[in-house]
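Presented below is the structure to which this report refers.
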Amino acid sequence: MSQNNELFGQNKGNEVNIQEFLHKYISNWKWFLICVIISLSLGYIYIRSQIPQYIVETDILIKDNKSSGDEKDLLQSLNVNSSGKVIDNEIEILKSNSLMEKVVNDLNLQNSYFIKNRISQVVIYKKLGYNVELLKANGNTYAQPWSIKVINKNQAIFNGQTLNVNRPVQTEAGLIMITTNNSGIDNRLLFVNFNTTSNVAQGLISNLLIIPATKDATVLLIKLQDANVDRGKDVLNKLVDEYNQAGIDDKNVTTANQLVFLKGRIDSLAVELSSVEKNVQDYKSANKITDMTAESTAVLTAMQTNDEALTQLNLQMGSLKNLENYLSSPNTGQAKLPAMLGISDPTLLALVQQLGEAQLRKESLLRTIPETNPVISSINDQISALRQTITQTEQNLKSSLLGSLNQLQTKSNQFESNIRGVPSKERGLIDVMREQDIKNTLFTYLLQKREETALSLASTTADSRTINTARGNYVPIKPVKSTLYLTFILLGLILPFGVITGKEVLNVKVRKRSDIEKHTDTPIIADISQSTDYDPLIVISRPRSMLAEQIRAMRSNLQYIIPSKNDKVLLFTSSISGEGKSFVSLNLGASLATTGKKVVILELDLRKPKLNIALGIDNQIGISNYLIDQYNYADIIKPIPHQENYSIITSGPNPPNPAELLLNGKLDILIEKLKKDFDYILLDAPPIGLVTDAQILAQWADATLYVVRYNYTHKTQIPVINDLREKGLFRNLNIVFNGVDFSVNGSYGYGYGYGYGYGYYSDDKPQKKSLLNLLKK
């Protein structure tokens, strides 16, 4: 049996046939080519329909605002501002909705204009000569693009409606007004899309990419993807300007508060100074005083100097009192820092300044992140540490100022004692002039501080610097034609590949030799091609056809299956009805008869006989009559027309109990008689999947030919053949692969035969190639 396996190409079912696998796809190259061409055409249309996208970029330097010197060491010891600007926070600020909405409003980007070509759109920015302003929207405003064509400076056509320009007009899109300018008017038919500021800002933010130049650098690379390079440049430049202005506004909050305080204090002090000067004038007029003595002048000068020092100390004490009240307040997160007027201690001033900057930084971060964020918690810890340090420094400075204040007050008391010796009129004059000098000194000091504060406010600069203004590349980055064409080519290849593979996977019927060899080691003795000829004896009617040659090849292979001359009985069966076992057995018998051998075929499918119908032979007398002793041996044998040495025993009338008849012993006698008169006895048995007749007949068979039909027999039925072989239910079991369609590319995998292929025989007519046949394949 192993020798037969090798002869008929078995033991290869588990091997991967690369040639067969590739041939399955290569043979369908036309479908691959057609799909690729169609896919490339679709890819071309898709690319043309896409709006090109360009990259515009700029870069800015975020300045590090760390302190230096001793002040830096002090602040670092408090873990305040140890990292300067937090780059991630600045990125979030640049991508915030508030900044981008300002950009959209400043550039009037709520409306977008474009030209429609056949399958593409071209975005238009500026250079239109006019602008469409949406005054009041309605339910249709944002639903669709609206056509517009400006005829001249007085008339325009909006969505088919002619209207006057520079006037509000009610349209289907809402209340709009078209305004023109002095530049040339674009008279082409355009389309305008209305949108809200927030939606446009969100769209720009989604196309915005901000990354640090390197890991430790404070340079930010800002990139924007937009359909128009000039619009992208304007957006980035305006975004950087708004970012810088927002930083300046945050830094000027404390300075502006101080300036407001100074202005209000100066106004109230001017009123008080005017009142004091009027008192001096009235006193001099009432007492007729024009000059003072040298002693009074000296005393007055000394008292003025002492009073100035007291004024400065009282001003500082007042500022410390305000600072102390601020620090002792339970909630100072949103309160304004008090003005540090008169305070000259650099350490305290630096700490108060850092406290203000920390609070401003906290307020700025709370615009983009929640208060529960770890960054906010870190800033809160820094503010708490600063407040404790400021409280301690304020107490130390207050103690020092109280000592100085006590000393100056003692000197003032001494001057008061000395001035008692001055005449009462002059003393009264000194009192009123002293009050005037105090007010005047304070007024002059506040004016000086106001100018200093105003100068500080005017000189504030942003913490960033633009390295390069926005620049763009006019070569689009999207769509990437090479990538898209490659993608569509792959889609064009995947589609037929998937169809062929899916068809192969979903196929449950036997379509090639390997489908048999994967599930059984039973040898395949022959491959019989599909035939459209309905002649039952095709080897006689068309002896030079390819099918007749295949039958002769199977006849030749019989010598390897039943080499002994005593082995004469061949049994034909299959899994189910319709697999062609009767056709194969009838034509094999005819082929054997042409060699001069005497052949008889027994129609043992007693339930559904077909041979007598195909041959047109009377079936009134047959095997069933013989088995019940109605007729003898000589009466049931009938010659087959048009073929010498070939006889048939038809089934006869259908019996009610075929299996019991086959086992009554008469068939054994019949076969023994036939062996004496014939060289070959062919048993056309029923399918084994339906009845047990074939297994009963197997006891008389020297070899069994099991017919499997191409694209008809289910793959699940092949393992049954292997079980029959392993159990030894059929002697010398072999397979005949019937009805193979060699015209289907890749259906058989390796071509026909055993190392060679068949061309057209003289009796075979070549099939005309047509689109219908191609689709069938």
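The values are calculated or read from the model by the stated rules, or taken from the named source; none is laboratory data. The model shown is predicted, which means the values in this text are computed figures rather than measured ones. Note that each Cβ is placed from the backbone with ideal geometry, even for glycine, and that neighbours are counted across all protein chains shown. What goes into the accessible areas is simple: the full protein's heavy atoms, side chains included, and nothing from ligands, DNA or RNA. Shrake-Rupley method; radii C 1.70, N 1.55, O 1.52, S 1.80 Å.
Using only the Cα atoms, what convex hull volume per residue in Å³ does the chain have?
Cα convex hull per residue, to the nearest whole number: 325 Å³.
Of the chymotrypsin sites (Phe, Trp or Tyr not before Pro) found in region 489-563, those in coil by DSSP whose Cβ has at most 10 other Cβ atoms within 10 Å are Y534.
How would region 210-283 be classified by its alpha-carbon gyration tensor: rounded, prolate or oblate, with rounded meaning a/c under 1.5 and the a/b versus b/c comparison settling the rest? Because a/c hits 1.5 or more and a/b exceeds b/c, region 210-283 counts as prolate. Convex hull volume of the C-alpha atoms in region 426-478, normalised per residue: 90 Å³. In this structure, Y142 and D241 have a Cβ-Cβ separation that, at R0 = 22 Å, corresponds to a calculated FRET efficiency of about 0.15.
When the trypsin sites (Lys or Arg not before Pro) in region 242-288 are filtered for DSSP coil states and for at most 10 other beta-carbon atoms within 10 Å of their beta-carbon, the remaining sites are K288.
Using the Cβ-Cβ distance between D186 and A270 with R0 set to 60 Å, the FRET efficiency works out to roughly 0.50. These residues, Y54, Y44, Y485, Y130, go from largest to smallest accessible area, 1.4 Å probe, as Y44, Y485, Y54, Y130.
Rounded to the nearest whole Å², what accessible area per residue is found for the chain with the 1.4 Å probe?
52 Å²
Note on the chain: dipole from Cβ charges, positive end direction compared against N108, S285, L674; the farthest Cα belongs to L674.
Please compute P(r) over all alpha-carbon pairs of region 638-685, binned at 10 Å starting from zero, and give each bin as a whole-number percent. Going from the shortest bin to the longest, the percentages are 20, 51, 26, 4. Fully extending the segment from N507 to N380, taken as 0.36 nm per residue of separation minus the present Cα-Cα distance, adds 38.6 nm. Model label points for I211 and T444, set 7 angstrom from Cα along the Cα-to-Cβ axis, are 6.3 nm apart. Among the protein heavy atoms of the chain, carbon and sulfur supply 52% of the accessible surface, probe 1.4 Å, non-protein parts ignored.
Within region 112-138, what residues put their amide N at less than 15 Å from the label point 7 Å along the Cα-to-Cβ vector of Q170? Answer for region 112-138: 135-138. Helical content of the chain, expressed as a calculated mean residue ellipticity at 222 nm, amounts to -16500 deg cm²/dmol (DSSP H runs of 4 or more residues, -39,500 (n - 2.57) each, divided by residue number, nearest 500).
Full extension of the chain between Q155 and D521 yields a length gain of 122.8 nm, computed as 0.36 nm times the residue separation minus the alpha carbon distance. Placing a label point 7 Å from the Cα of Q202 along the Cα-to-Cβ direction, the residues of region 95-137 whose backbone N falls under 18 Å of that point are 95-105, 109-112. Going 7 Å from the Cα of D535 toward and past its Cβ, which residues in region 629-647 have a backbone nitrogen under 16 Å from where you end up? Of the residues in region 629-647, 641-644 have backbone N under 16 Å from the label point off D535. In this simple spin-label approximation, K597 and I34 carry label points 7 Å from Cα along the Cα→Cβ vector, and these lie 4.7 nm apart. If you plug the beta carbon distance of D249 and M317 into 1/(1 + (r/R0)^6) with R0 = 25 Å, you get a FRET efficiency near 0.15. Taking each residue as 0.36 nm, the span from D618 to T368 lengthens on full extension beyond its C-alpha to C-alpha distance by 80.0 nm. Taken along its principal axes, the alpha carbon cloud of region 480-582 reaches lengths of 77, 33, 25 Å, longest axis first. Largest to smallest in accessible area, the residues W31, W700, W146 fall in the order W31, W700, W146 (1.4 Å probe, all protein chains included).
Modelled this way, with points 7 Å down the Cα-to-C-beta line, the labels at N97 and K223 are 2.7 nm from one another.
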